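The values are calculated or read from the model by the stated rules, or taken from the named source; none is laboratory data. This is a predicted model, so every value here is computed, not measured. Here the Cβ positions follow ideal geometry from the backbone for every residue, glycine too, while neighbour counts run over all protein chains shown. Please note that ligands, DNA and RNA were not included when accessible areas were found on the heavy atoms of the full protein model with its side chains. Shrake-Rupley method; radii C 1.70, N 1.55, O 1.52, S 1.80 Å.
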Amino acid sequence: MAEQHVIIDNLVKTYAGAQKPSVDHVSFSLPRGEMLALLGPSGCGKTTILRMIAGLIDPTSGAIRVDGKDVSSTPVYKRNMGMVFQAYALFPHMTVAENISFGLEMRNVGRAEREERVNKALDLVKLTGLGARKVAQLSGGQQQRAAIARSLVIEPELLLLDEPLSNLDAKLRDEMRDEIREIQARTGVTAIFVTHDQDEALSMADRLAVMSNGRLEQIGTPRQIFDRPQTEFVASFIGAGTFFEGEAVEPGLAVVDDLKTIRFTGTAPVGARVKLMIRPHRLRLSEGAAIANTFKGTVEHIVYRGQILTMNVRCGKKLLQADLPTHAGSLPEKGSEVTLSVAPEDVTLIGEEAR
Ligand SMILES: Nc1ncnc2c1ncn2[C@@H]1O[C@H](COP(=O)(O)OP(=O)(O)OP(=O)(O)O)[C@@H](O)[C@H]1O
Ligand SMILES: [Mg+2]
């Protein structure tokens, strides 16, 4: 196995007076240069993990290893972590350059070198020439980039970003996603990025760590997390889908609710309980030809969204979610009877190991 840069080992945090841990035996590791997204619903422990790595709070138990050395009891200022936290805004009374330079002054870097490194950091985040401005004279996106420059200028061991884009509007957020990704790739810094936005995580990260209730549910590439979710929680947190529970009656065939059968690709022992999921975009309108999995039903709800048509189709007790491309001739309407189909390889067997 390649040498890991950062190892989070069985980390636990129980806040004083709390009944249960906010972070509950979490372990993961990052190779050098990786960008990991820490993802999960509000309150699942993302910020708590980041604050322990940064050294702002102490773990109840467990270790944080950087290059093999346990830093759990190293004070913040000796850990050399770059932090961009939404709540830790720039110092408003200082100029942009003074903000960026601050960490270098704390580290007793001489004036000439400071200036050079601040200018380089400004170039890196495309704020060249704006060093003399006051923070208030920057747009939201520029302030965010100045905050990133401030965290990178110290050449951090690890870059920690806690929802750095959550206060930006949608368009700026998209641009900043690309920019952060590009800056991270160019500097090669190992980074952990907290978000509760699945699109952000899927599009920015090399790997995703999905958390729920203080625990790590699954860690993997965007593709593994999206196509091979290990738990129903991960499957439903990352993207929509219709879920089925049933029993594998022969290899690749399950009997699910209301005695319907579904073919799937994947290995589940005969007789095992299985959970299956069909993503909305995997369903298509079927025209007669019997394909393995067909569902006849009535369109209960339909929304035209330009490129796709989002429908809820009632099939017995199940409400199927389907997204259809809108280029296909005549489109179904509310109340239409439709037949949908899905190929066995497009049915996700939840809990199956990533292939
Ligand atoms: N200082 C604290 N004292 C006591 N409990 C805390 C403290 N900080 C956080 N918690 C609790 O720990 C849990 C995890 O909080 P945390 O801030 O890590 O969540 P998060 O995943 O970052 O959520 P969000 O997406 O809302 O930022 C929550 O239940 C929260 O109420
Ligand atoms: Mg948080």
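Where strands (runs of 3 or more DSSP E) fall entirely within the range 1-105, those with at least 2 residues that are away from ligand 1 (no atom under 16 Å from the Cβ), surrounded by fewer than 20 Cβ atoms within 10 Å (Cβ to Cβ) and modelled with pLDDT of 95 or more are at 4-13, 23-31, 61-66. For the range 84-123, how many residues are touching a Ser or Thr at 6+ places or on another chain (Cβ under 6 Å) and under 30 Å from Ile8 (Cβ atoms)? Going through the range 84-123 one residue at a time, the tally reaches 2.
Residue count for the range 163-192 under the criterion of being within 16 Å of ligand 2 (Cβ to nearest atom) and over 24 Å from Arg117 (Cα atoms): the result is 4. For Lys275, the requirement of being closer than 29 Å to Cys315 by Cα, at pLDDT 90 or above and open to solvent by 10 Å² or more (accessible area, probe 1.4 Å) is met. The set of residues in the range 280-317 that are in a loop (DSSP other than H, G, I, E, B) and either modelled with pLDDT of 95 or more or of a type outside the set (D, E, K, R) (or both) comprises Leu283, Ser286, Gly288, Ala289, Ala290, Ile291, Ala292, Gly306, Gln307, Gly316.
Go through (1) more than 16 Å from ligand 1 (Cβ to nearest atom); (2) of a type in the set (A, V, I, L, M, F, W, C); (3) closer than 22 Å to Gly82 by Cβ; (4) buried (at least 18 other Cβ atoms within 10 Å of the Cβ) and name the single condition Phe226 misses. If we test Phe226 against (1) more than 16 Å from ligand 1 (Cβ to nearest atom); (2) of a type in the set (A, V, I, L, M, F, W, C); (3) closer than 22 Å to Gly82 by Cβ; (4) buried (at least 18 other Cβ atoms within 10 Å of the Cβ), just (3) comes out false. Count of the range 1-51 residues, restricted to those that are among the basic types (Lys, Arg), within 17 Å of Pro164 (Cα to Cα) and in contact with a strand residue (DSSP E or B) (Cβ under 7 Å, 6 or more places away or on another chain), is 1. When the range 111-127 is filtered for residues that are open to solvent by 40 Å² or more (accessible area, probe 1.4 Å) and farther than 21 Å from Leu165 by Cα, the ones remaining, listed by number, are Arg111, Ala112, Glu113, Arg114, Glu115, Glu116, Arg117, Asn119, Lys120.
Could we say that Val135 is closer than 24 Å to Gly40 by Cβ, touching a Pro at 6+ places or on another chain (Cβ under 8 Å), open to solvent by less than 50 Å² (accessible area, probe 1.4 Å) and in contact (Cβ under 8 Å) with a residue 24 or more places away in the chain here? So Val135 fails the test.
When the range 160-184 is examined, which residues are found to be loosely packed, with under 15 Cβ neighbours inside 10 Å and in contact (Cβ under 8 Å) with a residue 12 or more places away in the chain? Hits for the range 160-184 are Ser166, Asn167, Asp169, Glu175.
To keep it simple, each residue is scored yes or no on (1) open to solvent by 10 Å² or more (accessible area, probe 1.4 Å); (2) assigned to a strand (DSSP E or B).
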| position | (1), (2) |
| --- | --- |
| Ser203 | yes, no |
| Ile219 | yes, yes |
| Gly246 | no, yes |
| Ala254 | no, yes |
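Take the conditions touching a helix residue (DSSP H, G or I) at 6+ places or on another chain (Cβ under 9 Å), hydroxyl-bearing (Ser, Thr, Tyr) and away from ligand 2 (no atom under 16 Å from the Cβ) and apply them to Ser72. Does it pass? For Ser72, the condition - touching a helix residue (DSSP H, G or I) at 6+ places or on another chain (Cβ under 9 Å), hydroxyl-bearing (Ser, Thr, Tyr) and away from ligand 2 (no atom under 16 Å from the Cβ) - is met. A search for C-beta distances below 7 Å between a residue of the range 31-56 that is polar (S, T, N, Q) and any residue that is part of a loop (DSSP other than H, G, I, E, B) and near ligand 1 (Cβ under 7 Å from one of its atoms), counting only pairs 6+ apart in sequence or on different chains, returns Ser42/His196; Thr48/Ser22.
Right, Thr14: away from ligand 2 (no atom under 16 Å from the Cβ) and over 22 Å from Gln218 (Cα atoms) or not? It is false that Thr14 is away from ligand 2 (no atom under 16 Å from the Cβ) and over 22 Å from Gln218 (Cα atoms).
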